[in-house]
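Here is the structure we will look at.
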Amino acid sequence: MKKKSIMLLTFMMFFSTLFVFGCGADKTVSKDAVNQDQVFNLKVGHVLAPSHPYQSGLEKFAQIVDQKTNGKVKISAFHSSQLGNEREMIEGLQMGTLDMTLVSTAPLAGFSNKFLVFDLPFIFKTREAAYATLDGPVGTEIMDTLQEKGIIGLNYWENGFRHASNSQKALVLPQDITGMKIRTMENKIHMSSFKTIGADPTPMAFGELFTALQQKTVDAQENPVPVFFTSNFFEVQKHLSLTGHFYAASPLLISKTVWEKLPAAYQTAIKEASLEARDFERGMIKTMDTDLVEDLKAKGVTVTEVDKDVWAKAMAPVYKEFEGVIGADTIAKVQEK
Ligand code: EAX
């Protein structure tokens, strides 16, 4: 067999082996391998105003992720319900039609009723007590119940302690709210808590609230000071009582479908960034919570301090009502902090 054809044969055999094994290797490259050319563009939605810490916190988050991934993961934050109301955005994560969202725990109880415990009235006396539970094993255990719903929970940001406001009079005692139409979030405990003290609760998405207050479809609402200020509620609500009846934690969520497409290195970057940005956002909420009260008074809002123990006692029957659904052990675990 001529030398040339032997060489040609060897040459062909070498490259066919390379082709078989080489290509095979490509297929087995794990998801963890980062394809340097691929850029992931993720959208995160929320319902609050562009001046609210949700937005600045998410912009900080995006910036840190960008740095940690050398610009391979781009996150864009959309405020003011541009990507839907909270329930719609949570459903979007499940369907994989939305990448991420930052929502309060209240609507999440409609997807995993373990979240109900966080919205029991006065369950957290201080934000430090809330952080201790949310950032600990109980918080993780409850967040992980979302995985089977197609959602990955990263951690808990903050909306804050919610206070009742209205357009009619100062609320000092719980019974002062008797007969008042109050907008609540879409949450059974929120509605029952206000029904228990004599109000007439209407569940409504945040995006509809300002107009409903303006047109007096409802007389009252309840939200933390930073929301009240950044959503200009002082224009339509002249009385704010610092009831602090619910503590609203805000989980940062990502679609499981989207999460599983990300290389492990990028998942780690996102987790680390969400912790740093969480602390930044919580810090802003804490500052605004105190600093803005004087600004609200300057805008003509009557701000009333109340005896929280009196309100807690008036709303306490709700614990018995939901003990069966939540579980006395879970309530005890959350309350022990
Ligand atoms: O999570 O709906 C509300 O009142 C909440 O504060 C808002 O959804 C932010």
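Worth pointing out:
- Summing Lys and Arg as +1 and Asp and Glu as -1 over all other residues whose Cβ lies under 14 Å from the Cβ of GLU276 gives a net charge of -1.
- Order of TRP157, TRP259, TRP311 under a 10 Å beta carbon neighbour criterion, fewest first: TRP259, TRP311, TRP157
- Taking 0.36 nm per residue of sequence separation and removing the Cα-Cα distance, the GLN168/ASP295 pair yields an extension gain of 43.7 nm.
- Candidate lysines for bridging to LYS68, where Cα separation is under 20 Å - those fewer than 8 sequence places away on the same chain excluded: LYS31, LYS43, LYS60, LYS261, LYS271
- Rounded if a/c under 1.5, otherwise prolate or oblate - region 126-185, Cα gyration tensor axes: prolate
- Total lysine pairs under 17 Å (Cα atoms) in region 180-257, excluding pairs fewer than 8 apart on one chain: 4
- Ranked LYS3, LYS216, LYS195, criterion: other C-beta atoms within 10 Å, fewest first: LYS3, LYS216, LYS195
- FRET efficiency estimate (nearest 0.05) - Cβ-Cβ, LYS195 to ASN113, R0 25 angstrom: 0.85
- Neighbour-count ranking [beta-carbon atoms within 10 angstrom, fewest first] of VAL47, VAL258: VAL258, VAL47
- Rounded to whole Hz, the Karplus (6.51, -1.76, 1.60) HN-Hα couplings of region 81-86, x for glycine and proline: 6, 4, 9, x, 7, 4
- In angstrom, the C-alpha Rg and Dmax of the chain are 25.3, 106.
- Set of region 76-91 residues, backbone N closer than 14 Å to the point 7 Å along the Cα-Cβ line of GLU59: 76-80
- In whole percents, the pair-distance distribution calculated for region 155-200 from its alpha-carbon pairs, binned every 5 Å from zero, is 5, 19, 29, 23, 13, 6, 4, 1.
- Between SER80 and LYS286, the contour length at 0.36 nm per residue exceeds the alpha carbon distance by 72.0 nm.
- Cut-off 12 Å between beta-carbons: net charge of the residues surrounding PHE229, Lys and Arg +1, Asp and Glu -1: -3
- The chain, relative contact order [Cα under 8 Å, separation at least 6], %: 24 percent
- At R0 = 30 Å, FRET efficiency that the Cβ-Cβ distance of THR257 and ASP279 yields, to 0.05: 0.60
- Global geometry of region 238-326, whether rounded, prolate or oblate, following the gyration tensor of its Cα atoms and the 1.5 cut on a/c: oblate
- Efficiency of FRET between THR217 and THR178 - r from beta-carbon atoms, R0 30 angstrom, step 0.05: 0.95
- For PHE246, distant residues with modelled amide H under 5 Å away: PHE122, ARG162
- Note that region 47-63 has calculated 3J(HN,Hα) couplings of 9, 8, 6, x, 8, 7, x, 3, 5, 5, x, 5, 5, 5, 4, 4, 5 Hz, one per residue in order, obtained from phi through the Karplus relation 6.51 cos²θ - 1.76 cosθ + 1.60 (θ = phi - 60°); glycine and proline are x.
- Residues of region 172-189 with amide N under 18 Å of a point placed 7 Å along Cα→Cβ from LEU242: 172-174
- Three-way shape call for region 34-106 based on the alpha-carbon gyration tensor, with the a/c threshold at 1.5: oblate
- Cut-off under 5 Å, modelled amide H: who pairs with ILE75 long-range: LEU42
- Extending 7 Å from the Cα toward the beta-carbon at both ASN70 and THR302 defines two label points whose distance is 6.2 nm.
Only the coordinates and a few stated rules stand behind these numbers; no lab work does. On a predicted model such as this, the values are computed, not experimentally measured, just so you know. So basically every Cβ, Gly included, is an ideal-geometry build from the backbone, and we count neighbours across all protein chains shown.
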